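Participant: There's a structure below that I have some questions on.
The values are calculated or read from the model by the stated rules, or taken from the named source; none is laboratory data. Bear in mind that the values here come from a model prediction, so they are computed numbers and not experimental data. Cβ: placed from backbone, ideal geometry, glycine included. Neighbour counts: every protein chain shown. Each accessible area value is taken on the protein alone, full model and side chains, heavy atoms only, with ligands, DNA and RNA left out. Shrake-Rupley method; radii C 1.70, N 1.55, O 1.52, S 1.80 Å.
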Amino acid sequence: MTTHSSPSSSSSQIAKSLRVRVLTAVAASALAGALATSANAADKLGAYPVDPAQVSVAGISSGAFMANQLHIAHSADIMGAAMVAGGLYGCAVQDVTSDGVLALASQAVGACMKVPFMLDDVATYKHRVEQLAAKRWIDPPANLVRAKVYFFTGESDSVVDSETIVKGEALYKALGVPDSNITFVDHSGPAAKAGHSWVTVNYGGACDANTPPFIDRCDYDQAGAELKAIYGDNLNPPAQSASGQILAFDQSEFVPGKATAANGLWDTGYVYVPKACEPGASQPCRLQVVLHGCKQSAEALGDVFYANIGVNEWADTNNIVVLYPQAHATTPAELPPNLWADALIYANPEGCWNWWGYSDDRQYLTKKGVQVTAIWKMIQRIEGK
């Protein structure tokens, strides 16, 4: 079943049933949303002294797929990307159409995650990138020749098969990224036994765990490794503890109609600002966008992800502003009524980033995608544009 199927008569009956069942939930959700929004409405994302030539993205799992999408869509302005336990551009796409892409939810949870031998060859994904670029929905892939890329996959990962990440690396090479610009850490490298997780030196679950919060202690500083892969080996050692500010901001202003919930975005995002990067600083700072995975948002875990993965400590000593956008676990009640019939396809119950076209976003992996656009506008705000 595709994400763009037309409702049948049976689906219409389901829609009517769902309408009755969700009205109360919609009202309750709207009230809770109104209260949350009012608490954060005054907190606008600020501008900071960031060098636009030093912007990168990083993410784990669905956040890795989204980091990959952001990078390839905006390759003219994003200089590097780190993908942990995920990332193959257009993995769920079946075809490019006149108004976007045709994607399969079943492809995302099947071939992309569990049975990669069913994936297309790299030439097919390269062709799709070229098709999207020809339509000017993404930047020309020729920009990627100067990109810096980091990939990680652990031997114990039972959520996303390592072969998907291998193919993600191969696609970057096919698009012109030199071997010397790619760091690939796999089963033979540090943290070889890691499960499906962002890996740290000593915070989180057992190294081979595949369970929430999907942060595993493997005696491996993934934050430092990915930042060095992107920004160079001459970074200063991390601070013993983060001393900057974590600021909450309103994400809704970056979404059409402020419809955050329906598009899988939480009302609140976070930004980490080192003291050296506060407004008025004399020296420009870098910016990294870091994207959590499914079930890792602040909505689900509070500050567990954005305060404990080690990036902030490196940011402190290397003048890096860190943007932590937040996804939202969208329920059927929060979808527009015309999507209720196919709520199982269009909802986002685990708070993942959109890498298969949920919420009926047919441009989800391009510069026109709702989430890609929202995050890009956040980047531009931070840059003062």
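Participant: Note down the accessible area of Met79, probe 1.4 Å, to the nearest 10 Å².
Facilitator: That residue has around 40 Å² of solvent-accessible surface.
Participant: Now a separate question. Straight-line reach from Lys114: which aspartates and glutamates fall under 15 Å, measuring Cα to Cα and dropping same-chain residues less than 8 apart?
Facilitator: Glu155, Asp157, Asp161, Glu163
Participant: Which helices of the chain meet both criteria: a Cα extent of 27 Å or more along the helical axis and a mean Kyte-Doolittle score no lower than 0.5, with helices taken as whole DSSP H segments?
Facilitator: 9-40
Participant: What whole-number value in Å² describes the accessible area per residue of segment 82-200 for a 1.4 Å probe?
Facilitator: Numbers: 4530 Å² over 119 residues.
Per-residue accessible area for segment 82-200 comes out at 38 Å².
Participant: Okay, moving on. Which order do Glu226, Glu169 take when ranked by solvent-accessible area (1.4 Å probe, heavy atoms of all protein chains), largest first?
Facilitator: Greatest to least solvent exposure: Glu169, Glu226.
Participant: While we're looking at this one, here's another question. Got the relative contact order for the chain handy, in percent, Cα pairs under 8 Å and 6 or more residues apart?
Facilitator: Values: 874 pairs, mean separation 87.7, N = 385.
Reported relative contact order: 23 percent.
Participant: Report the one residue of Leu365, Ala315, Thr330 whose Cα lies farthest in the direction of the positive end of the charge dipole of segment 233-385 (charges on C-beta: Lys and Arg +1, Asp and Glu -1; origin at the Cα centre).
Facilitator: Toward the positive end, the furthest listed residue is Leu365.
Participant: Quick one: net charge of Ile230's neighbours, Cβ under 13 Å, K/R +1, D/E -1? Write out the running numbers ahead of the final one.
Facilitator: Numbers: positive: Arg146, Lys148, Lys228, Arg286; negative: Glu226, Asp233.
Summing Lys and Arg as +1 and Asp and Glu as -1 gives +2.
Participant: Can you pick out the pairs among Lys126/Lys258; Lys135/Lys173; Lys258/Lys367 whose Cα atoms lie more than 24 Å from each other? Could you put the intermediate results ahead of the total?
Facilitator: Numbers: Lys126/Lys258 34 Å; Lys135/Lys173 22 Å; Lys258/Lys367 18 Å.
Those over the limit are Lys126/Lys258.
Participant: Related question: In debye to the nearest 20, how big a dipole does the chain give about its Cα centre with +1 on each Lys and Arg Cβ and -1 on each Asp and Glu Cβ?
Facilitator: 880 debye
Participant: Using a probe radius of 1.4 Å on heavy atoms only, what accessible surface per residue do you get for segment 264-385? Whole Å² is fine.
Facilitator: Working: 3780 Å² over 122 residues.
Accessible area per residue, segment 264-385: 31 Å².
Participant: Quickly rank 115-122, 217-224 as a protection proxy: mean count of other C-beta atoms within 10 Å, highest first.
Facilitator: Working: 115-122: 14.1, 217-224: 20.8.
The packing order, highest mean first, is 217-224, 115-122.
Participant: Among all the aspartates and glutamates, which ones have a C-alpha under 15 Å from Lys148's C-alpha, if same-chain residues fewer than 8 places away are not counted?
Facilitator: Asp77, Glu169, Asp179, Glu226, Asp233
Participant: Compute the length gained on full extension between Leu247 and Val109: take 0.36 nm times their separation in residues and subtract their Cα-Cα distance, giving the result in nm to one decimal. If you can, show how the numbers build up before the last one.
Facilitator: Numbers: separation 138, 0.36 × 138 = 49.68 nm, distance 3.39 nm.
My answer for the length gained is 46.3 nm.
Participant: I need the phi-derived Karplus couplings for segment 296-304: 6.51 cos²θ - 1.76 cosθ + 1.60, θ = phi - 60°, integer Hz, Gly and Pro marked x.
Facilitator: 10, 5, 5, 4, 8, 10, x, 8, 4
Participant: Give, as a single signed number, the net charge of other residues whose beta carbon lies under 12 Å from the beta carbon of Gly204, with Lys and Arg counted +1 and Asp and Glu -1.
Facilitator: -2
Participant: Hey, another quick one. Just one of (i) 30, 25, 20; (ii) 35, 31, 18; (iii) 25, 24, 22 is semi-axes √(5λ) of the Cα gyration tensor in Å as worked out from the coordinates here. Which one is it?
Facilitator: Step by step, semi-axes √(5λ) of the Cα gyration tensor in Å for this structure corresponds to label (i).
Participant: What's the extension gain from Asp303 to Asp233 if we count 0.36 nm per residue and subtract their Cα-Cα distance? Don't jump to the answer; show the numbers that get you there.
Facilitator: On the way: separation 70, 0.36 × 70 = 25.20 nm, distance 2.85 nm.
Difference between extended and current length: 22.3 nm.
Participant: Percent relative contact order of segment 293-385, based on C-alpha pairs within less than 8 angstrom and at least six residues apart? Mind showing how you got there, number by number?
Facilitator: Working: 88 pairs, mean separation 20.4, N = 93.
This gives 22 percent for segment 293-385.
Participant: On to the next question. Please report, as a whole percent, how much of the solvent-accessible surface of the chain comes from carbon and sulfur atoms (probe radius 1.4 Å). The partial results should precede the final answer.
Facilitator: Values: 8080 of 14980 Å².
The C+S portion of the solvent-accessible surface of the chain is 54 percent.
Participant: Hey, what do the phi angles of segment 348-353 turn into as Karplus ³J(HN,Hα) couplings, whole Hz, using 6.51/-1.76/1.60 and θ = phi - 60°, x for Gly and Pro?
Facilitator: Using θ = phi - 60°, the values come out as 9, x, 9, x, 7, 6 Hz.
Participant: Now a separate question. Taking amide hydrogens as modeled 1.01 Å from N in the peptide plane, which residues meet the under 5 Å criterion relative to Val185, leaving out close sequence neighbours?
Facilitator: Counting only residues 5 or more places away or on other chains, the set is Phe151, Phe152, Thr153.
Participant: Need one value: the accessible area of Thr330 in square angstrom, 1.4 angstrom probe, rounded to the nearest 10.
Facilitator: 0 Å²
Participant: Calculate, in nm to one decimal, what Asp43 and Val145 gain on full extension: separation in residues at 0.36 nm each, minus their alpha carbon distance. Please list the in-between numbers first.
Facilitator: Working: separation 102, 0.36 × 102 = 36.72 nm, distance 3.81 nm.
Computed gain between Asp43 and Val145 is 32.9 nm.
Participant: Applying the Karplus parametrisation 6.51 cos²θ - 1.76 cosθ + 1.60 with θ = phi - 60° to the phi angles of segment 199-213, what ³J(HN,Hα) value in whole Hz is obtained for each residue in order, glycine and proline being reported as x?
Facilitator: My calculation for segment 199-213 gives 9, 10, 6, 8, 10, x, x, 4, 4, 9, 6, 10, 10, x, x Hz in order.
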